[in-house]
């Protein structure tokens with residue numbers, strides 16, 4: 001087991017199986033992330049300590065999230081904007 005800098009853990013022997021739910025934790029600029037997700041996941045985001053935002057492209061620090069595939073254009077615009085700010089071409 002490896003303890004990560006943000007407090008999570010990584011298990012070397014972790015082998016997910018078909019049907020397993022794999023989740024990750026992201027701590028945004030204010031502690032826990034503000035994030036968009038499929039609306040049915042709002043209780044899960046809140047239970048994990050995050051802030052659920054019902055928006056097409058939610059930016060928290062360097063993380064960009066969206067609800068589902070119809071939000072891809074807005075998500076991609078925000079994602080590209082962050083990339084340009086970090087590595088201007």
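Bear in mind that the values in this text are calculations on the coordinates, not laboratory data. For clarity, every value in this text was computed on a predicted model and none was experimentally measured. Cβ placement follows ideal geometry from the backbone for every residue including glycine, while neighbour counts extend to all protein chains displayed.
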Would you please classify the overall shape of the stretch 31-89 from the alpha carbon gyration tensor, given that a ≥ b ≥ c denote the square roots of the eigenvalues, rounded means a/c under 1.5, and beyond that prolate means a/b larger than b/c while oblate covers the rest?
oblate
Given labels modelled 7 Å from the Cα in the Cβ direction, how far is it in nm from residue 83 to residue 42?
3.2
